[in-house]
1. Out of all the residues in the stretch 174-206, which are of a type in the set (Gly, Ala, Ser) and over 19 Å from residue 140 (Cβ atoms)?
2. Find the residue count for the stretch 80-106, including only residues that are surrounded by 13 or more Cβ atoms within 10 Å (Cβ to Cβ) and under 19 Å from residue 187 (Cβ atoms).
3. For the stretch 135-154, which positions are among the hydrophobic types (A, V, I, L, M, F, W, C), open to solvent by less than 40 Å² (accessible area, probe 1.4 Å) and farther than 12 Å from residue 204 by Cα?
4. Considering only the stretch 127-154, state which residues are in a loop (DSSP other than H, G, I, E, B) and more than 12 Å from residue 180 (Cβ to Cβ).
5. Being free of Cβ contacts under 8 Å to residues at least 12 places away in the same chain, among the hydroxyl-bearing types (Ser, Thr, Tyr) and closer than 23 Å to residue 95 by Cβ narrows it down to one residue among 61, 76; which is it?
6. Determine whether the stretch 184-196 contains at least one residue that is assigned to a loop (DSSP other than H, G, I, E, B) and either open to solvent by 30 Å² or more (accessible area, probe 1.4 Å) or more than 27 Å from residue 80 (Cα to Cα) (or both).
7. Here is a check on your reading of the model: is residue 157 part of a helix (DSSP H, G or I), among the charged types (D, E, K, R), surrounded by 15 or more Cβ atoms within 10 Å (Cβ to Cβ) and modelled with pLDDT of 95 or more?
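The values are calculated or read from the model by the stated rules, or taken from the named source; none is laboratory data. As the structure is a prediction and not an experimental result, all values here were calculated from the model. Heads up, the Cβs are rebuilt from the backbone with ideal geometry, glycines too, and the neighbour counts pull from every protein chain shown. When the accessible area is computed, the model is the full protein with side chains, heavy atoms only, and any ligands, DNA or RNA have been set aside. Shrake-Rupley method; radii C 1.70, N 1.55, O 1.52, S 1.80 Å.
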Amino acid sequence: PRQPPRRPGRLEGLEAQLELPAASTTVIRLGELAQDAAVELVRTALDLPQLPEQVGQAILSKARGNPLFLEQVARSMRQSGALERLMNTPSFKLAQEMAALDIPDRLQALLMSRIDSLSNANRDVLRTAAVIGGSFDLPALRSALDSGPGQAMLEGRLQELSRFDFVQRPEDGQGQGFRFKHSLIQEIAYDSLLFARRRQLHRRVAMHLEAAHAGQPDAPYEVIVHHYSRCGDSPK
C-alpha cells in the first residue's frame, strides 16, 4: 500500500532509521539552499527589493541555507530595529555595525529572544494562545487572559503579533480564528511559561470550552480532556 511522505528525524540524539522497502521508496535529500536562493528568500521575507551584500552575508553566516532559520533571523533584525539601522548606515561604517550585531546561533534561542523582546501585553497574549493550541479563536483567548481585554484591544495585539510573523489569520481573513505561523513558535512560547501558570491557563481554556459546548453532542471532548489533564484535574 502507498505510504504517506515521511522524513527521518532524530530521537534522543540518534538518527531514526526508517525500515522502508527500497523498491517502493523514493528518497529525496534536502540540502541547504544555495546562496542566491537564500538571499532571495530573505528579500522576500523582508519585502525588500535590494539587500546590502554585507547584510545578506551576515544573515547567511548564521542561518546558512535553513529556510526557517533564514526567515527568523531576518525578521528578528527587522523586529529589533537592527535592519533599519543597517539599511541607513553609510557603507564605510557598515562593517562596524555588522560586527556589533548579536544574532543567536540556534533557531530556538533566536525565537525565544524574539518573544522576549515583545511588550508584556503582547507576550502574554502569545503565550496564552500557545496553551490553547496551534490554532485558536478570540473567545477562548479572551476567556483565558487575566484582564479579559476588550475585543478591539485584543485584535490590536494580535495584529501586532501578526505583523511580527508570530501568528496569522486564515487565508480568507474572516472569522475569529488565528493560527501560529509555525509550530515551533507555539512550542517555544508554551515552554517559556512557568508550570503553575500553564496549569492555570489550561484550566481556564477547559472551562471555557466546556461551557461553550455544553449539551452539544459534537463537543470537542478530547480537547477538553486534554486541557483538564494538563491542569491536573483528574476527576474532570
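1. Once the filter is applied, which keeps residues that are of a type in the set (Gly, Ala, Ser) and over 19 Å from residue 140 (Cβ atoms), the stretch 174-206 yields 192, 196.
2. The qualifying residues number 1.
3. 136, 138, 154, listed by residue number.
4. Selection gives 145, 146, 147, 148, 149, 150.
5. On inspection, the qualifying residue turns out to be 61.
6. Scanning the stretch 184-196 turns up at least one residue that is assigned to a loop (DSSP other than H, G, I, E, B) and either open to solvent by 30 Å² or more (accessible area, probe 1.4 Å) or more than 27 Å from residue 80 (Cα to Cα) (or both).
7. The answer is no for residue 157.
Conditions tested, residue by residue: (1) part of a helix (DSSP H, G or I); (2) crowded, with 16+ Cβ neighbours inside 10 Å.
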{"residue": "178", "(1), (2)": "no, yes"}
{"residue": "202", "(1), (2)": "yes, yes"}
{"residue": "211", "(1), (2)": "yes, no"}
{"residue": "214", "(1), (2)": "no, no"}
{"residue": "227", "(1), (2)": "yes, yes"}
